[in-house]
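The values are calculated or read from the model by the stated rules, or taken from the named source; none is laboratory data. Given the structure is predicted, the values throughout are model-derived calculations rather than measurements. We place every Cβ from the backbone using ideal geometry, glycine too, and count neighbours over all the protein chains shown.
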Amino acid sequence: MLLRTISAAAIGLVFGAGIAISGMANPAKVLNFFDIFGTWDPSLLLVMGSALIVTFVGYRLVLRRPAPALDRKFHLPTKREVDVPLVAGSALFGIGWGIAGFCPGGAIPALGSGEPAPFIFVAAMIGGIWLARGIKALSARRAALA
């Protein structure tokens, strides 16, 4: 258990450092990336493309193993269909990223800046998670009663 915790902390630190160094924790840089007809900054395209390549190769190598190094089995998603919650959640994620300039991966390391914006974003994100879970639970209860 201690090795898993240390490993998770080290991975989180490397990820957070990468986010900070690449500029993904800077909402102004992210918003300039989305402003293709104004002050467009294409540098994040390199960051995202690099992350995609590393992820693609990493998954191919890691999933060849019979099990992960620090667990008994891989915990991969089993749901394959595209449904309304997936599309709606993806749209909300994109809209939120475009409005605030933060995504969860960039907001968490940005908390270290001491600026209020990432704290407000993270609080709103936690509130949104809480609200979504409440709506899902209510929907499940209504479906059980029907």
Handout entry: Residues located in the range 15-48, provided they are closer than 12 Å to residue 109 by Cα and among the β-branched types (Val, Ile, Thr)
Key = 19, 21
Completion exercise
Note: among 113, 50, 139, just one is hydroxyl-bearing (Ser, Thr, Tyr), touching a residue at least 40 places away in the same chain (Cβ under 8 Å) and either loosely packed, with under 13 Cβ neighbours inside 10 Å or within 20 Å of residue 18 (Cβ to Cβ) (or both), namely 113
Exercise for the section: Run down 117, 91, 110 and say which single residue is closer than 23 Å to residue 11 by Cα, aliphatic (A, V, I, L, M) and assigned to a helix (DSSP H, G or I). Expected result: 110
Exercise for the section: Quick one: count up the residues across the range 64-104 that are aliphatic (A, V, I, L, M) and surrounded by 11 or more Cβ atoms within 10 Å (Cβ to Cβ). Expected result: 6
Handout entry: Selection count, the range 75-113, where residues are over 16 Å from the mean Cα position of the chain (by Cα) and among the hydroxyl-bearing types (Ser, Thr, Tyr)
Key = 2
Handout entry: Matching residues, the range 21-40, being closer than 17 Å to residue 54 by Cβ and in contact (Cβ under 8 Å) with a residue 60 or more places away in the chain
Key = 24
Completion exercise
The residue from 25, 10, 20 that alone is part of a helix (DSSP H, G or I) and under 30 Å from residue 131 (Cβ atoms) is 20
Exercise for the section: Assess whether residue 132 counts as being outside any helix (DSSP H, G or I) and modelled with pLDDT under 90. Expected result: no
